[in-house]
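Inspection log for the structure reproduced underneath, given as structure tokens.
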Amino acid sequence: MAGGLSASRSTNPAVFAKSCNLAQQHSARLLCRSLDILHAACALDLACDRFGSGDDRQLRLARATGLKVVDITAPVSRIRRPRRAP
């Protein structure tokens with residue numbers, strides 16, 4: 001696969017397949033790197049409700065996949081906290 005990902009015995013096949021799909025869909029447009037793609041694929045596989053990173057490429061990719069992102073380099077006042085249930 002472009003970007004240098006290759007499966008190993010420790011790689012979850014579902015995550016690797018999702019990584020391959022994300023690479024095909026987003027790499028050229030967002031200039032994603034292989035580990036950016038793998039991180040986003042893991043977050044999607046784990047059904048994370050937030051994706052935190054200080055890396056602009058990871059954040060763009062995560063946002064493009066529908067994940068809610070938290071830029072950890074942003075001032076704390078810009079980070080929204082989830083509302084608590086009444």
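The values are calculated or read from the model by the stated rules, or taken from the named source; none is laboratory data. Everything numeric here is computed off the predicted structure, so don't read it as measured data. Methodologically, a virtual Cβ is constructed for each residue, glycine included, from the backbone with ideal geometry; neighbour enumeration extends over all protein chains shown.
When you check Leu44 against the structure, is it in contact (Cβ under 8 Å) with a residue 12 or more places away in the chain, crowded, with 16+ Cβ neighbours inside 10 Å and farther than 17 Å from Asp71 by Cα, yes or no? It is true that Leu44 is in contact (Cβ under 8 Å) with a residue 12 or more places away in the chain, crowded, with 16+ Cβ neighbours inside 10 Å and farther than 17 Å from Asp71 by Cα. Note on segment 47-76: residues that are under 16 Å from Ala14 (Cα atoms) and surrounded by fewer than 14 Cβ atoms within 10 Å (Cβ to Cβ) amount to 1.
The set of residues in segment 10-27 that are among the aliphatic types (A, V, I, L, M), exposed (fewer than 15 other Cβ atoms within 10 Å of the Cβ) and modelled with pLDDT of 90 or more contains only Ala17.
Taking the numbered list (1) at pLDDT 90 or above; (2) outside any helix (DSSP H, G or I) in turn, Ala2 passes all entries but (1).
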